[in-house]
1. If we count other beta carbons within 10 Å of each Cβ, what is the order of SER175, SER91, fewest first?
2. Starting from the amide H of ASP209, placed 1.01 Å from N in the peptide plane, find each other amide H under 5 Å away whose residue is 5 or more places distant or on another chain.
3. Describe numerically, in nm with one decimal, the distance between label points set 7 Å from Cα along Cα→Cβ at ALA161 and at ARG87.
4. Quick one: Karplus J couplings for the range 55-63, per residue in order, coefficients 6.51, -1.76, 1.60, θ = phi - 60°, nearest Hz, x for Gly and Pro?
5. So how do LYS215, LYS255, LYS73, LYS131 line up by other beta-carbon neighbours within 10 Å, fewest first?
6. Amide H to amide H under 5 Å from GLU272: which residues, 5+ apart in sequence or cross-chain, H placed 1.01 Å off N in plane?
7. Let me know the Kirkwood hydrodynamic radius for the range 136-281, please, with Cα pairs as the basis and the value in Å to one decimal.
8. So for the range 60-175, taking the charge dipole from beta-carbon charges (+1 Lys/Arg, -1 Asp/Glu), which of THR165, VAL95, GLY105 sits furthest toward the positive end?
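None of the figures in this text is laboratory data; all of them are computed from the coordinates on show. If you're wondering where the values come from, they're calculated on a predicted model, not measured in any experiment. Every residue, glycine among them, receives a Cβ derived from its backbone with ideal geometry; neighbour counts consider all protein chains shown.
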Amino acid sequence: MKTLSFLGLAITVLLVLAAGCIHSEKFSAAKTPAPATGNAEMTGALATVTAEIQESLIGIDSRVSAAATALGKTGISGPEAGVILQRAALSHPAVRDVITYDTGGVVRAAEPGSARDLVGRNLTDQEIVRKALQEQRPLMSDLFSLTGGGDGVVIAHPVFAQDGTFIGVVSLAFSPHALIAPIAGNATSGSPSSVMVTERGGRILYDADPAQVGKETFNETMFADFPEILDIARTLPGNRTGYATYSFSGSGSQKVVRKETFWSTASLHGTEWRVFVIREI
């Protein structure tokens, strides 16, 4: 398990990341600066992981944007729309399904074939659907329970007909864990570090321990004896970068050890993910 805690040290993590979506910033939380030993390795891994996650999000988003443009010409249902959705569904291994829904929130087309039973369903019980219909702009959701089963994140783009009329939304659902896992594995292979990714509010999207995925930091009894973890989770909404040390159980052990972590941020359409590189001290 690789989870976080007390924010008791001063930090400055300067990262130059892709696409203008990440802004490095200074974060100072206490009196002692981050130690020099091992910093280059950890911050280098953090820069790589964050940049590659960012690149992947931008790549998927560009596919959804292209689909929205094409659907504006073909309409959001029918054989031509199906071909467009199939292409988007194959654009990344982490993609779960791609759907369109009309201005009333009713699904009009879905791919791959396993998702076609969603057609005809009204999705306006989902916050992201209501928001996409109301705001008519590109969005990325937080993790939630998908109508088709399992948990995922959605990237949604409005679809406008050629005369400018808003006709619906194209929505791609993907697994954050499937997106992050190969990136994290490549960046930390052969090193003592691991990667964790959370939402800004602390919900775990990826961890080397799959049992942690989806956990809400503030609501988990396993963290009750480790108040430093709660302290750091409370700082995440306001700090895009940071450094902290904390106590928690070691990997594959019940023994409590000290750990350190640097974190940074990947984001899309205003939704932010905190990306951590962690190791035992």
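1. On the way: SER175 22, SER91 19.
By the 10 Å Cβ count, ascending: SER91, SER175.
2. LYS2
3. Between ALA161 and ARG87, the simple spin-label model gives 2.2 nm.
4. Along the range 55-63, the couplings run 4, 5, 4, 5, x, 5, 4, 5, 5 Hz.
5. Ordered from fewest to most neighbouring Cβ atoms within 10 Å, LYS215, LYS255, LYS73, LYS131 come out as LYS255, LYS73, LYS131, LYS215.
6. Correct list: ARG200.
7. 16.8 Å
8. Ranked along the dipole, the leading option is THR165.
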